[in-house]
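Chemist: The structure's right below; bear with me while I get my questions together.
Bear in mind these aren't lab numbers, they're just calculated from the coordinates by the rules spelled out. What you are looking at is a predicted structure, and each value in this text was computed from that prediction instead of being measured. Quick reminder, even Gly has a Cβ in these numbers, built from the backbone with ideal geometry, and neighbours come from all protein chains shown.
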Protein chains: 2
Amino acid sequence: MKIAIALYDKFTALDVIGPYQVLSVLPGAETFFVAAKRGLVPDDSGVVRLEAARSFDEVRDADIVVVGGSPFTHTLIPHDPIIAWLRDLHPRTRWTTSVCTGSLLLAAAGLLRDVEATSHWLMLDLLRELGAKPTLQRVVFGDRIVTAAGVSSGIDMALALVERMYGRDLAETVQLAIEYDPQPPTDAGSPAKARPEIVAGVQKLFEGILAGPA
Amino acid sequence: MKIAIALYDKFTALDVIGPYQVLSVLPGAETFFVAAKRGLVPDDSGVVRLEAARSFDEVRDADIVVVGGSPFTHTLIPHDPIIAWLRDLHPRTRWTTSVCTGSLLLAAAGLLRDVEATSHWLMLDLLRELGAKPTLQRVVFGDRIVTAAGVSSGIDMALALVERMYGRDLAETVQLAIEYDPQPPTDAGSPAKARPEIVAGVQKLFEGILAGPA
């Protein structure tokens, strides 16, 4: 089973490593990172440099594709090569998935038109502008498409996909192997739960970035 | 603030990327990956190849050090260079931290003698043999040392450390920025919660690996 995890400059590391850690243990998994060109791809802080073993040109089909996000994903729309690659690839995947703002790329590729989908909570308006029907659910299953919320949600998305594809026993086995018994010390993980001043603070932090070209 | 994240051959990717994603946004953070030699380090499946920007020789102090785990960590004991490096570094850190079997390396370096600590649930017996007092808590704070449970626990550990060092507001801000509102689809994330046949299945999966040289 071919699992293609897409990288692009300034990707957010946990967006892709969360699903990678869950999916790469699936039976017969052949997991690889793919980008516009082979080689090292820097993340959003430039500290993580992760190697893409294949280029988009070399990957014309996959069982599962995972597209992570970035604070800068919207700047790839509409001309980055990843968008044409996703549009071309999707008819030959079993599941096309996204984490965080990766869903903006799926939308830009025309895969989310009038479809319920999610993204990082800060980007739901842009997701709507790109033709999707945004929801605040953490993991949203559509027709061969799964979108997930911000950054850390990729772990939940991947486990839900394992359950859907292979059943509860394997999902629980992977969950126990990675000891995924989350115990965040505070309870501010969504805009509905966080205090208003915390929500406003995060909005302010990302204001400059999100006002960039889309 | 210098944040050193240690890599070694066959590291588990999520162990280090979880804390990285949380800690790298701290005020003034200078985060870097460090290994025995500079260059690409392969993870436990060989699919992730992550670049270490510095070598152990180049890092003689740090504010925070993070040591992740691997299914093969025990085979590094007692002679791998990371152990002497940790022993030497620890007196000059503010916090020495581990995720998963990274705590075995802290113990091998003599940092956990008679200290409450945790590890991946499969490795608590070995942690005891190495002189620590194992507990099943997810995140254990000691004197300038924090240990965390298996793989995914590094996110909780890092957020708890942010709260300890900078207070609740910043911990919540980071939690909301990475939308860490975990919703695993099943409830089998610890040996206490998983069904006995799932626990036995994971034990069996790792049997061969864990019987290796320690």
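Chemist: Averaged across the residues of A:12-24, what count of C-beta atoms belonging to other chains lies within 10 Å of each residue's C-beta?
Modeler: Mean shielding by partner chains, rounded to a whole number: 6.
Chemist: Excluding residues fewer than 8 places away in the same chain, name every one of the lysines whose C-alpha is closer than 21 Å to that of residue A:37.
Modeler: By straight Cα distance, residue A:37 reaches A:2, A:10.
Chemist: Taking the Cβ of residue B:192 as the centre, find all other residues whose Cβ is under 13 Å away and add up their charges (Lys, Arg: +1; Asp, Glu: -1).
Modeler: Net of charged neighbours comes to 0.
Chemist: Now for a different question. Of A:169, B:57, B:15, how do they rank once you tally other Cβ atoms within 10 Å and put the fewest first?
Modeler: Lowest to highest Cβ neighbour count: B:57, A:169, B:15.
Chemist: Using the number of other C-beta atoms within 10 angstrom as an exposure proxy, rank B:11, A:56, A:141 with the fewest first.
Modeler: If I rank by nearby Cβ atoms, fewest first, I get A:141, A:56, B:11.
Chemist: Let me have the 222 nm mean residue ellipticity of the protein assembly as shown computed from DSSP H runs of 4+ only, each contributing -39500 (n - 2.57), with the sum over all residues rounded to the nearest 500.
Modeler: Only helices count here, giving -10000 deg cm²/dmol.
Chemist: Fewest first, what order do A:43, B:80 take by the number of other Cβ atoms within 10 Å?
Modeler: Fewest to most other Cβ atoms nearby, the residues stand as B:80, A:43.
Chemist: Separate question: What is the stretch B:2-183's relative contact order, in percent, from Cα pairs under 8 angstrom and six or more apart in sequence?
Modeler: Result for the stretch B:2-183 is 20 percent.
Chemist: Now a separate question. Let me know the volume per residue of the alpha-carbon convex hull for the protein assembly as shown, in Å³.
Modeler: Dividing the Cα hull volume of the protein assembly as shown by its residues yields 121 Å³.
Chemist: Additional query: Given a 10 angstrom Cα cut-off, can you work out which residue in B:29, B:107, B:171 is the most mobile in a GNM of chain B?
Modeler: B:29
Chemist: Residue by residue through A:159-168, how many Cβ atoms from other chains fall within 10 Å of the Cβ on average?
Modeler: Mean number of neighbouring Cβ atoms from other chains: 2.
Chemist: Which of A:50, A:159, A:14 ends up with the largest GNM mean-square fluctuation for chain A, with Cα atoms connected below 10 Å?
Modeler: Looking only at A:50, A:159, A:14, the biggest GNM fluctuation is shown by A:50.
Chemist: Report, in debye and to the nearest 20, how large the dipole of the stretch B:93-214 comes out about its Cα centre when Lys and Arg carry +1 and Asp and Glu carry -1 on their Cβ.
Modeler: About 280 debye.
Chemist: Looking only at other chains, what is the average number of their beta-carbon atoms within 10 angstrom of each beta-carbon in B:143-154?
Modeler: That average works out to 3.
Chemist: Please report the relative contact order for the stretch A:72-144, taking Cα pairs under 8 Å with a sequence separation of at least 6, and give it as a percent rounded to a whole number.
Modeler: 28 percent
Chemist: Between B:82, B:17, B:155, where does the largest GNM mean-square fluctuation fall for chain B, given springs only between Cα atoms within less than 10 Å?
Modeler: Residue with maximal mean-square fluctuation among B:82, B:17, B:155: B:17.
Chemist: Continuing with the same structure: DSSP H helices in chain A with Cα extent of 20 Å or more along the helix axis and mean Kyte-Doolittle hydropathy at least 0.0?
Modeler: A:196-210
Chemist: Report the charge-dipole magnitude of chain B in Debye, nearest 20, computed about the Cα centre from +1 at each Lys and Arg Cβ and -1 at each Asp and Glu Cβ.
Modeler: Dipole size: approximately 340 debye.
Chemist: Would you tally the net charge around residue A:90, using a Cβ to Cβ cut-off of less than 13 Å, leaving residue A:90 out, and scoring K and R as +1, D and E as -1?
Modeler: Summing Lys/Arg as +1 and Asp/Glu as -1 gives +2.
Chemist: Restricting the count to DSSP beta bridges whose residues both fall in chain B, what percent are antiparallel, rounded to a multiple of 5?
Modeler: 25 percent
Chemist: Cβ under 15 Å from residue A:171's Cβ, residue A:171 left aside: what net charge do those residues give with Lys, Arg +1 and Asp, Glu -1?
Modeler: -4
Chemist: List the distances, in nm and shortest first, from the label point of residue B:205 to the matching label points in every other copy, placing each point 7 Å from Cα along the Cα-to-Cβ direction.
Modeler: Inter-copy label distances (nm, one decimal, shortest first): 3.2.
Chemist: Right, something else. Can you pull the three principal axis extents for the Cα set of the stretch A:2-183, in Å, largest first?
Modeler: Projected onto the principal axes, the Cα atoms of the stretch A:2-183 cover 41, 35, 32 Å.
Chemist: Counting only DSSP beta bridges with both residues in the protein assembly as shown, tell me the antiparallel percent, nearest 5.
Modeler: DSSP beta bridges in the protein assembly as shown are roughly 25 percent antiparallel.
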